[in-house]
Amino acid sequence: MNTPPPTSHDDEVTLTDIWIKLQQWWVYLEKRKLWILTIALLSSLGGYLKVKTAKPVYSANLTFSLEQGGSGGSNLAGLASQFGFSMGGDGGGMFSGENLLMLMKSRRMVEAILLTPVLIEGDSVLLVNQYVRSWPELMEVWDSAGLYPIDVNTCCSNVQDSALGEIYEMVSEKALAVSKQDEALSFVTISYTGHDEVFTGAFVEQLTAQATEFYVESKTTNTRANMAKLQRRVDSVTAELEHAMLDAANSLDANQFTIQSAAKVSTAEKQMKVTMLTTLYGELVKNLELSKTLAAREEPLITIIDRPHYPLRVRESELQGAMFGGVIGGFLTVLFFAGREFIKDLNMQAQEAQQLA
């Protein structure tokens, strides 16, 4: 019976083999360090020139705190119900919570900001026109199509509306970010990055101002409408009281020398009406002032925490570009030489295997 030959384990790779191979690659790369350093320096120079010649990217951030109004809505509703008014809800629930963030990125709000005039070097310029100025390619297209400059008084035709829609997409999807820093939505941060420093700062400021104003108005619309009704009721009672006081005075003058008691009934009735209207007027005025106080407590409080400061911060510096270019260039060079040496070793092993076969 023939005994099978022992199995060869020459193809097994040990840690010692790996360590020896790494040392061989290190020696190989060290001999080519001049190439690696040269390419890394050239890549650094390329990264520096790319950042230096590219249009700067400015970043503007604005943070504000949002505090909801205090309690007291039930008291206000109770006061209003005494005079036949229903305060209902706050009128702004659809803009509470996460919806405030959606409001700031909505097309309605962004386009309203784009059509807002701002002072730039003493001239009133629409933000959309300033945005187009910052993009020479876009400026050329708009000018050839007769879209530039946009006039807020004649805007917007179908073509202009379509062009504004394209700018809205570029602004809201690529440059604008609205985020909250906690679940309670106490702090909201608006960030915008763009190539024009004036537009970047002005856009963030205007968006915050108009969106928060719209938010507050939405939250207090129903309250203010019912308070206006209460104010009209006060004005009506005031006019009626003045008329009743005049009637009572005329009746008193006409009957002050009358001896018969029956003739004084009319005067007494008119004085009674004056007394009733005076009491009603006092209650209305008191409740109106209390309603104003409670409404002020319910109004959301928005406080600016941090706003953009000029000159705006540039997102990328020349040093960062040079470092990034050098690291990428050096890494790719090392990878190239290591890969070439690895392929060379594979070819040698293949040739040795063919010779043994």
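Couple of notes before you dig in:
- Residues that are without any contact (Cβ under 8 Å) to a residue 12 or more places away in the chain and hydrophobic (A, V, I, L, M, F, W, C) were ranked within region 157-189; the one that is farthest from Thr200 (Cα to Cα) is Ala184.
- Consider region 276-322 and keep the residues that are within 19 Å of the chain's Cα centre (by Cα) and not in a loop (DSSP other than H, G, I, E, B). The one that is modelled with the lowest pLDDT is Arg313.
- Scanning region 22-45 for residues that are loosely packed, with under 13 Cβ neighbours inside 10 Å and within 17 Å of Phe342 (Cβ to Cβ) yields a total of 7.
- Scanning region 153-168 for residues that are modelled with pLDDT under 80 and loosely packed, with under 15 Cβ neighbours inside 10 Å yields Asn153, Thr154, Ser157.
- Number of the exception - Thr189 against (1) within 23 Å of the chain's Cα centre (by Cα); (2) over 22 Å from Leu312 (Cβ atoms): (2)
- Just one of (1) hydrophobic (A, V, I, L, M, F, W, C); (2) under 22 Å from the mean Cα position of the chain (by Cα); (3) farther than 16 Å from Ala202 by Cβ fails for Leu147. It is (2).
- Failed condition for Val334, given (1) modelled with pLDDT of 75 or more; (2) more than 31 Å from the chain's Cα centre (by Cα): (1)
- Residues being in contact with a helix residue (DSSP H, G or I) (Cβ under 9 Å, 6 or more places away or on another chain) and touching a residue at least 60 places away in the same chain (Cβ under 8 Å) are represented in region 231-242 by at least one member.
- Considering Val13, Val27, the condition of being within 30 Å of Ala353 (Cβ to Cβ), at pLDDT 70 or above and aliphatic (A, V, I, L, M) is satisfied by Val27 alone.
- In the condition set (1) part of a helix (DSSP H, G or I); (2) surrounded by fewer than 16 Cβ atoms within 10 Å (Cβ to Cβ); (3) modelled with pLDDT under 85, Ala239 is compliant with all but (3).
- Filtering region 46-58 to residues that are modelled with pLDDT of 70 or more and buried (at least 17 other Cβ atoms within 10 Å of the Cβ) leaves only Tyr58.
- Residues of region 207-233 that are in contact with an Asp or Glu (Cβ under 6 Å, 6 or more places away or on another chain) and either assigned to a loop (DSSP other than H, G, I, E, B) or hydroxyl-bearing (Ser, Thr, Tyr) (or both): Thr220 alone.
The values are calculated or read from the model by the stated rules, or taken from the named source; none is laboratory data. In this text, all values refer to a predicted model and were calculated from it rather than measured experimentally. Cβ sites come from the backbone with ideal geometry, for glycine too, and all protein chains shown count toward neighbours.
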